[in-house]
Amino acid sequence: MGNWNSKEKTALELINTAGLLWLERNIELVVIRRNIVDARYSEVLNHKEYAKKYLGLPLTIELLNNIASAIAKLDLAPTRIDLATLAKEALEANVTDFDAFVLEKLANYIGKDKRVIKPIDVVLFGFGRIGRLAARELIQQYGNGEQLVLKAIVTRGKNTDEEIKKRSSLLRKDSVHGKFRGVITEDFDNKALVANGNKIHMIVADNPAEIDYTQYGINDALLIDNSGIFRDEEKLSTHLKAKGIAKVLLT
């Protein structure tokens, strides 16, 4: 039991390092594509076991933590790094100096001049189950706001306080996907939701071409249409007539 508690503490250290890298520097640490930011220590230990079996190597939580700690010392540009991939190479090379190993492997990503990520405003057109799942993903991957930023959700019907409250509740709780792991509150005065500190404007419109997104501070945005109404290029292009939209993506 003492050995297991030690692994849990190491997993907590790893989670803390991953969280700081993500929130402060937009560096995302994953284990075989599995995100460890905001995960429970038991989940991280499970991710490690999955990677261990997948790679067929004696991966340990201590090894992953050592690599993450070495990464935190570098001035890296925003990127996604798979700890399991680095751990595999470290084991195969019998690495003992993790700082030197990580420095060599990530040399091409060191320096702010390597920054290739820029914030992109996102609008969700439609807010059924697919729209809500897309919203969850965008909110959870917000980081420090330097990547995809959900700025607005467009629906039909009314935009009363009761409707905003209802949509907020549907976003927080899903009968299949469970509770949203974050904080969502309603801003009735501004007709918006605030999700993990990010304001999301709730817009009601019947004609997408007539919406002026720039009045909400939205520019050159990516609009994700999940309404199911517009399904071909001609109809989807209607969104491009709206002020503030640069690209349209169909779910």
Exercise. Only one of these conditions is not met by Ile117: (1) among the aliphatic types (A, V, I, L, M); (2) at pLDDT below 95; (3) buried (at least 20 other Cβ atoms within 10 Å of the Cβ). Which number is it?
Worked result: (3)
Exercise. What number goes with the only condition from (1) touching a His at 6+ places or on another chain (Cβ under 9 Å); (2) in a strand (DSSP E or B) that Ala209 does not pass?
Worked result: (2)
Exercise. Just checking, how many residues over the range 170-182 are loosely packed, with under 15 Cβ neighbours inside 10 Å and assigned to a loop (DSSP other than H, G, I, E, B)?
Worked result: 4
For this session: Within the range 183-206, track down each residue that is open to solvent by 60 Å² or more (accessible area, probe 1.4 Å) and either of a type outside the set (Asp, Glu) or touching a His at 6+ places or on another chain (Cβ under 8 Å) (or both).
Result: Val183, Thr185, Phe188, Asn190, Lys191, Asn196, Gly197, Lys199
Seminar exercise, completed: Scanning the range 183-196 for residues that are of a type outside the set (A, V, I, L, M, F, W, C) and either in contact (Cβ under 8 Å) with a residue 24 or more places away in the chain or assigned to a strand (DSSP E or B) (or both), the one nearest to Ser227 (Cα to Cα) turns out to be Lys191
Exercise. Restricting to the range 29-54, what's the tally of residues that are open to solvent by 20 Å² or more (accessible area, probe 1.4 Å) and under 20 Å from Phe101 (Cα atoms)?
Worked result: 1
For this session: Select from the range 139-169 the residues that are assigned to a helix (DSSP H, G or I) and at pLDDT 90 or above and list them in ascending order.
Result: Asp161, Glu162, Glu163, Ile164, Lys165, Lys166, Arg167, Ser168, Ser169
For this session: Filter the range 197-246 for residues that are basic (Lys, Arg) and over 20 Å from the mean Cα position of the chain (by Cα) and give the result.
Result: Arg231, Lys235, Lys241, Lys243
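The values are calculated or read from the model by the stated rules, or taken from the named source; none is laboratory data. All values derive from a computational prediction rather than experimental measurement. A quick note on method: Cβ atoms are made from the backbone with ideal geometry, for glycine too, and the neighbour counts reach across all protein chains shown. Ligands, DNA and RNA are stripped out before the accessible areas are found, and what is left, the full protein with its side chains, is counted by its heavy atoms. Shrake-Rupley method; radii C 1.70, N 1.55, O 1.52, S 1.80 Å.
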